[in-house]
Amino acid sequence: MRRHALAIKKEDNVATAIRDIASGEAATVGIDEENMTVTVHQDIPLGHKLALRPIHCGEEILKYGTVIGRATREIQLGEHVHVQNVESTRGRGDLA
């Protein structure tokens, strides 16, 4: 089965597209040795992220088992996860 996106850790709530994924496509996401299918809601370019489950506003975004940001609004399963709905939490002096 050809994979469209990959997640490294089972606790990750996003996966990274390893090819362009078209809106409405049922994407196969590899997580370790397992696969899951996620229908995407927007075009997701190669290298961008998609949500593996609903993510609530203020919730941490986990990629590779590491926090890479925080959701700025509700994010639905299969939605493009990018600057329109995530703020960085790295290298910011204003966060404790």
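Annotations for the structure displayed:
- The 1.4 Å probe gives accessible areas that order I68, I55, largest first, as I68, I55.
- For D12, residues with placed amide H under 5 Å, excluding near neighbours: G65
- Distant-in-sequence amide contacts of G69, defined by a placed amide H-H separation under 5 Å and a gap of 5 or more residues or a different chain, comprise I61, T89.
- Note, ³J(HN,Hα) from phi for the range 19-34, Karplus 6.51, -1.76, 1.60, rounded to Hz, x at Gly and Pro: 6, 4, 10, 7, 3, x, 6, 8, 8, 8, 10, x, 10, 6, 8, 9
- Unit Cα scatterers, Debye sum, the chain: log10 I(q)/I(0) for q = 0.10, 0.12, 0.21 Å⁻¹: -0.24, -0.34, -0.98
- Added length on full extension, which subtracts the Cα-Cα distance from 0.36 nm per residue, R2 to T37: 11.5 nm
- Rounded percent of accessible protein surface that carbon and sulfur make up, the chain, 1.4 Å probe: 52 percent
- Translational diffusion of the range 25-79, µm² s⁻¹ [Kirkwood Rh, Cα pairs; Stokes-Einstein; 37 °C; 0.692 mPa s]: 274 µm²/s
- The chain - accessible surface per residue (Å², probe 1.4 Å): 56 Å²
- Gained length - Q76 relative to C57, 0.36 nm times residue gap less alpha-carbon distance: 5.8 nm
- Relative to the Cα centre, the charge distribution of the chain, modelled as +1 at Lys and Arg Cβ and -1 at Asp and Glu Cβ, gives a dipole magnitude of about 180 debye.
- Residues with amide H under 5 Å from that of D20, placed H, sequence gap 5 or more: L46
- Positive-pole candidate from V67, I55, V40, dipole of the chain, charges at beta carbon: V67
- Where labels lie 7 Å past Cα in the beta-carbon direction, separation of E25 and V83 in nm: 2.3 nm
- Sequence-separation-based contact order of the chain, relative, with Cα cut under 8 Å and 6+ spacing, percent: 25 percent
The values are calculated or read from the model by the stated rules, or taken from the named source; none is laboratory data. Values in this document were obtained by computation on a predicted structure and should not be read as measured data. Reconstructed Cβ throughout: ideal geometry from the backbone, glycine too, with neighbour counts over all protein chains shown. Note: accessible area is taken over every heavy atom of the protein model, side chains too, but ligands, DNA and RNA are not part of it. Shrake-Rupley method; radii C 1.70, N 1.55, O 1.52, S 1.80 Å.
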